[in-house]
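Q: Submitted below is the structure of interest, expressed as structure tokens.
The values are calculated or read from the model by the stated rules, or taken from the named source; none is laboratory data. Bear in mind the structure is a predicted one, so any value in this text is a computation, not a measurement. Glycine gets a Cβ as well: all are built from the backbone with ideal geometry, and neighbour counts include every protein chain shown. Heads up: the accessible areas ignore ligands, DNA and RNA and are worked out on the full protein's heavy atoms, side chains in. Shrake-Rupley method; radii C 1.70, N 1.55, O 1.52, S 1.80 Å.
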Amino acid sequence: MNEQLFFKKLNNLRTSKDIFYFLSSLEVMSDTMAAGALQRISEVEVDDNGLKNPALLENEVFRALCFQFEFESTKLSNTGLLNALQALIELRIDPQSSLMTSLLSESKERLSRGQLTAENLCSLGESLLELEDPSCATLEQIVNHMQERDIERWSPREIVMVYKILQVTARDGKQCQNLLNRLNSVTLHTISQLSPNFTSVILNSLAVLRQTRAVLLVTALCKRSVKHVPYFTDHELVNVLEAFLYFGQKLQIFTEALERHVSGSIHTMHPQTVSKVMHYCCKKMILSKPIFDAVAEGFISNADRLTTDQIAAYIIPFGTLNYLPPSASSFFRKLETVLHTRLRHFQPHTLLNLLHSCVLIQRYPINFLPKVFSPYFLQKLQAQPPGLNRVVMSQLTQLFLTVTLECPFYEGPKLLSKYQVKACPTPHSSPDAHLFKRVKTGLLHLLKKRIYFASEVSTPYFYVVDIEIKLDEEGLVLPAAQLEEVHRRIALCVDGQNRFCAHSHNLLGEEAIKQRHLQLLGYEVVQV
């Protein structure tokens, strides 16, 4: 049978059983046909969880193929040798077996003799990268051979393969920066030819190799990734999001593409990918209602299948960015059910972060606070990194302050004073310096003297007030230092863009709870 007809028939077969039946009907086949058969078997029998049916490795046709590849490796064509090696690695054949040792040894021998074409070098490089412990010396040898050809003439596949090899052999990129500079320059001119997979791999490699100076390339790849969002696999999308975070990229058109993708695919996306999307939004302070609404619906449907870390990753951004989805009642009812069922499975710090995020948006985990305030739980918090640092104690204090001010019916254990902090170290608590200066200038013009207002005042109640103004019973302004006859206190909150979600008038959760609590503590809150 000629090769063209062979491969046409082979590619229409959907099970290893059919493939073995087809192969056993042939009297003779070339090594490239045999290697192609192994590749087709790996395509139909290997998924994300590995080999579906390990029994196929005992099939007599499969064993006959392997026997010939092992004992006639020196007679194989380059294509037959390297395609067989790639397929057997995909099929999880033990790299220490005599079959794999024979094929790897022959491949390295031909590499040393300079007998491999550019395409062969790519195949060998890709195969070695699939092994758990690839030989760095062999990978470096492949790159050296590839550099013998003009780098300007490399195909996208060759470019991607070299990035992946450098990621393994050079890690931080310093040892091979000259090669990377040339590679980055050439890649910039091939952007339009890059597939979703290639775009994702290169962005990931640039992040791992710390190519922060390759600004033009990174920007171009990020823009290219916008078109690929609907076509990225889960793993590829995670790599892209990590690169966006590493390089500080934030494109509105990328967010819009992400919104369309997540809204339409939430029920088929891997939970780890959804977690990464929410992490990205949280870090970039992007309150995307289409994404958050879809994630809320996904959580209601799939919460029972999520790990505890994934549950936290789904929920915490809602509190951080101060957003309640339209399905809030079902959303939090589902969360409460999951917590009742799996509370003991949560790591202490994960549970604290989760419950703290809920109170930011006025969802009070009353049933779980006795556990959080118990000495046993606090000891567990202290025992695990980061321990009881200032941020953790701030969360505990804010939880306790919340139930004191907003849940007067709570009768459970209190948080011991030794676990409470006096001032809140929120990441966005400092007011915007430029706006703060303008407000103080305006107040000075209004009140005539600087003594009539105080800035960055620590209250006895955990929060720091940006500007405090005291009034007597008749509404006259008192000197800021005066302690008697104070009838009213005005808390002036100077809210710059750092206290809002990106491009939004939606206050972050930390600032929203602060202003809510200041009002409950008797302040008149005025927001600038």
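Q: Report, by residue number, each residue of segment 426-455 that is under 23 Å from Thr320 (Cα atoms) and open to solvent by 50 Å² or more (accessible area, probe 1.4 Å).
A: Once the filter is applied, which keeps residues that are under 23 Å from Thr320 (Cα atoms) and open to solvent by 50 Å² or more (accessible area, probe 1.4 Å), segment 426-455 yields Pro427, His428, Ser430, Asp432, Ala433.
Q: Restricting to segment 76-104, name every residue that is open to solvent by 40 Å² or more (accessible area, probe 1.4 Å) and free of Cβ contacts under 8 Å to residues at least 12 places away in the same chain.
A: Asp94, Gln96, Thr101
Q: Another question, if that's okay. Taking segment 254-297 only, how many residues are within 17 Å of the chain's Cα centre (by Cα) and acidic (Asp, Glu)?
A: 1
Q: For segment 491-522, enumerate the residues that are of a type in the set (S, T, N, Q), closer than 17 Å to Tyr461 by Cβ and surrounded by fewer than 16 Cβ atoms within 10 Å (Cβ to Cβ). Please lay out each step first, then the result.
A: Let us first name the residues in segment 491-522 that are of a type in the set (S, T, N, Q), namely 497-498, 504, 506, 515, 519.
From what is left, the residues that are closer than 17 Å to Tyr461 by Cβ are 515, 519.
Hit for segment 491-522 is Gln519, nothing else.
Q: I've got another one for you. Within segment 187-195, is even one residue of a type outside the set (Lys, Arg), outside the structural domain of Ile93 (by the TED database) and open to solvent by less than 10 Å² (accessible area, probe 1.4 Å)?
A: Looking through segment 187-195, at least one residue is of a type outside the set (Lys, Arg), outside the structural domain of Ile93 (by the TED database) and open to solvent by less than 10 Å² (accessible area, probe 1.4 Å).
Q: Would you check which residues across segment 198-215 are out of contact with any helix residue (DSSP H, G or I) (no Cβ under 6 Å at 6 or more places or on another chain), open to solvent by 30 Å² or more (accessible area, probe 1.4 Å) and of a type outside the set (D, E, K, R) and list them?
A: Thr212, Val215
Q: Here's something else I'd like to know. Could you pull out the residue among Lys223, Lys164 that is touching a Leu at 6+ places or on another chain (Cβ under 9 Å), open to solvent by 30 Å² or more (accessible area, probe 1.4 Å) and under 24 Å from Glu259 (Cβ atoms)?
A: Lys223
Q: Pick out the one residue from Phe254, Phe247 that is of a type in the set (Phe, Trp, Tyr), touching a helix residue (DSSP H, G or I) at 6+ places or on another chain (Cβ under 6 Å) and open to solvent by less than 30 Å² (accessible area, probe 1.4 Å).
A: Phe254
Q: Would it be correct to say that Leu478 is in the same structural domain as Lys437 (by the TED database) and either touching a residue at least 60 places away in the same chain (Cβ under 8 Å) or among the aromatic types (Phe, Trp, Tyr) (or both)?
A: Working: in the same structural domain as Lys437 (by the TED database): yes; either touching a residue at least 60 places away in the same chain (Cβ under 8 Å) or among the aromatic types (Phe, Trp, Tyr) (or both): no.
It is false that Leu478 is in the same structural domain as Lys437 (by the TED database) and either touching a residue at least 60 places away in the same chain (Cβ under 8 Å) or among the aromatic types (Phe, Trp, Tyr) (or both).
Q: Given (1) under 18 Å from Ile89 (Cα atoms); (2) out of contact with any Ser or Thr (no Cβ under 6 Å at 6 or more places or on another chain), identify the lone condition not met by Glu45.
A: (2)
Q: Answer yes if at least one residue in segment 452-459 is more than 48 Å from the chain's Cα centre (by Cα) and at pLDDT 95 or above, and no otherwise.
A: Scanning segment 452-459 turns up at least one residue that is more than 48 Å from the chain's Cα centre (by Cα) and at pLDDT 95 or above.
Q: Right, something else. For residues that are of a type outside the set (S, T, N, Q) and in contact (Cβ under 8 Å) with a residue 60 or more places away in the chain, scanning just segment 314-351, find the one that is most open to solvent (accessible area, probe 1.4 Å).
A: Tyr323
Q: Condition first: among the β-branched types (Val, Ile, Thr), surrounded by 18 or more Cβ atoms within 10 Å (Cβ to Cβ) and within 15 Å of Gln527 (Cβ to Cβ). Can you find one or more residues in segment 478-490 that meet it?
A: Scanning segment 478-490 turns up no residue that is among the β-branched types (Val, Ile, Thr), surrounded by 18 or more Cβ atoms within 10 Å (Cβ to Cβ) and within 15 Å of Gln527 (Cβ to Cβ).
Q: Is there any pair linking a residue in segment 492-517 that is outside the structural domain of Gly319 (by the TED database) to one that is aromatic (Phe, Trp, Tyr) and in a loop (DSSP other than H, G, I, E, B), with Cβ under 6 Å and at least six apart or on different chains, and which?
A: Cβ pairs passing all conditions: Lys514/Tyr463.
Q: A further question follows. Conditions first: (1) assigned to a helix (DSSP H, G or I); (2) surrounded by fewer than 19 Cβ atoms within 10 Å (Cβ to Cβ); (3) not hydrophobic (A, V, I, L, M, F, W, C). His261 passes all but one, so which condition is the exception?
A: With respect to (1) assigned to a helix (DSSP H, G or I); (2) surrounded by fewer than 19 Cβ atoms within 10 Å (Cβ to Cβ); (3) not hydrophobic (A, V, I, L, M, F, W, C), His261 is out only on (2).
Q: With the structure loaded, tell me whether Ile159 is open to solvent by less than 10 Å² (accessible area, probe 1.4 Å) and touching a residue at least 12 places away in the same chain (Cβ under 8 Å) or whether it fails that test.
A: Against the criterion (open to solvent by less than 10 Å² (accessible area, probe 1.4 Å) and touching a residue at least 12 places away in the same chain (Cβ under 8 Å)), Ile159 qualifies.
Q: Which strands (runs of 3 or more DSSP E) sit wholly inside segment 436-528 and have at least 3 residues that are within 28 Å of Ser417 (Cβ to Cβ)?
A: Correct list: 454-458, 464-471, 488-493.
Q: Output the number of residues of segment 35-55 satisfying the condition of being touching a helix residue (DSSP H, G or I) at 6+ places or on another chain (Cβ under 9 Å), farther than 19 Å from Leu103 by Cβ and open to solvent by less than 50 Å² (accessible area, probe 1.4 Å).
A: Total satisfying the criteria: 2.
Q: For Val465, only one of the following conditions fails: (1) within 37 Å of the chain's Cα centre (by Cα); (2) touching a residue at least 60 places away in the same chain (Cβ under 8 Å); (3) open to solvent by less than 90 Å² (accessible area, probe 1.4 Å). What is its number?
A: Looking at each condition in turn, Val465 falls short on (2).
Q: Same structure, new question: Which of the numbered conditions does Glu411 fail, given that it passes all the others? Conditions: (1) surrounded by 14 or more Cβ atoms within 10 Å (Cβ to Cβ); (2) assigned by the TED database to the domain that holds Ser394.
A: Result: Glu411 fails condition (1) only.
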